[in-house]
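K.L.:
So that we are looking at the same thing, I have put the structure below in structure tokens.
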């Protein structure tokens, strides 16, 4: 025992002499965080956490996952046990234990999308950085084409802040017609229609599978008669509509438009508003946080010219498009995430 302690002490002294002891300790902590993220993301991909809401044997899990290498399955499960995301009882049955694993097992859609994205596309710009730095203009990743549904769900992480903001605006303005431009799964269109019981609303999004989800959401909420959602390009959509809107929203999507296209986009949307209508833009800005810096990298790594607006960009573009910015509100205290209300200039 004494020898063991002495050997450990010599090891610690050696690390200190070599320098960067603090950085090495931080690296170990970082690796543990990564392993937890990888474990939970892989569990979501395997779709086993709900199954593990009840204790399961290794054999039951092998059947569930179609695994023939049970040694690898056991090794993977043991990672979860060491992370305390799983528990293994005396009879060698496994079940969820950790807070994250339990929430995922209960089907939290935002958490499921968040962890799924950690394997599906979020590491991409870092893995391919050297290649991306040498890409020709216009080249890049195509995450939005392949992962639209997951991206739409991940963007709902700010829903708890955006929903009351929209609810307050809609209740105050009582719009008769509204447009959710880039509506995704329709969660915000649903909120606005519920806040304005006499209103009808349109939603449009480029992703057909996302629109299918939005249509199902409207029907399930009993809003099918008042909501019309469609697949299409926002830049062409308002031109074909005779009736104008009292409220148009752009929520978590203006950054998919190239910087040089945004003034024209706002100008087009201004033309779809009634005389006293209002445009609401909700977006993350850069710089300001790790999350915004990461999202900005994800965006500029895509094919095309997507990017987060910088502070003041939205207001300047709105002014150039004939709007007067009425109000800018920081929606998430810890993030540069804002809602900007604007009305056509008289």
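Rule-based calculations on the coordinates, nothing more; no lab input. All of these numbers come straight from a predicted model, not from anything done at the bench. For neighbour counting, all protein chains shown are included, and Cβ atoms are generated from backbone atoms with ideal geometry for every residue, glycine included.
K.L.:
Ranking 168, 275 by Cβ neighbours within 10 Å, fewest first, what do you get?
P.N.:
Values: 168 12, 275 9.
Ascending Cβ contact count within 10 Å gives the list 275, 168.
K.L.:
How much length is gained on full extension from residue 212 to residue 134, taking 0.36 nm per residue of separation minus their Cα-Cα distance?
P.N.:
Separation in residues times 0.36 nm, less the Cα-Cα distance, equals 24.4 nm.
K.L.:
State the extension gain, in nm to one decimal, for the chain segment bounded by residue 244 and residue 168, taking 0.36 nm per residue of separation less the distance between their alpha-carbons.
P.N.:
The residue 244-residue 168 span can extend by a further 25.2 nm.
K.L.:
Still on this model: Distance from the Cα centre of the range 124-179 to that of the range 286-346, in angstrom?
P.N.:
For the range 124-179 versus the range 286-346, the Cα centre distance is 12 Å.
K.L.:
What FRET efficiency comes out for the pair residue 38/residue 233, r = Cβ-Cβ distance, R0 = 45 Å, nearest 0.05? Numbers along the way, then the final one.
P.N.:
Details: r = 37 Å, r/R0 = 0.82.
The calculated FRET efficiency here is 0.75.
K.L.:
Additional query: Per the helix-only calculation at 222 nm, which mean residue ellipticity applies to the chain, given -39500 (n - 2.57) for every DSSP H run of n ≥ 4 and division by its residues, nearest 500 deg cm²/dmol?
P.N.:
-14500 deg cm²/dmol
K.L.:
I need 257, 323, 51 ordered by Cβ neighbour count within 10 Å, fewest first.
P.N.:
On the way: 257 20, 323 25, 51 17.
Ordered by Cβ neighbours within 10 Å, fewest first: 51, 257, 323.
K.L.:
Taking the Cα atoms of the chain, report the difference between the largest and smallest coordinate on each principal axis, in whole Å and largest first.
P.N.:
Taking max minus min along each principal axis of the Cα atoms, the chain gives 84, 48, 38 Å.
K.L.:
Can you sort 262, 176, 32 from fewest to most other Cβ atoms within 10 Å of each residue's own Cβ?
P.N.:
32, 176, 262
K.L.:
Calculate the FRET efficiency for residue 81 and residue 176 from the Cβ-Cβ distance with a Förster distance of 51 Å, rounded to the nearest 0.05. Write down the numbers at each step before the final one.
P.N.:
Working: r = 57 Å, r/R0 = 1.12.
Between residue 81 and residue 176 the formula returns 0.35.
K.L.:
Given 0.36 nm per residue, what is the gain on full extension from residue 92 to residue 71 after removing their alpha carbon distance, in nm?
P.N.:
6.2 nm
K.L.:
Can you tell me the 0 to 90 degree angle between the C-alpha axis of helix 159-173 and the longest principal axis of the chain, rounded to 10?
P.N.:
20
K.L.:
Next question, about the same structure. How far is helix 290-300 tilted off the main Cα axis of the chain, in degrees rounded to 10, range 0 to 90?
P.N.:
70
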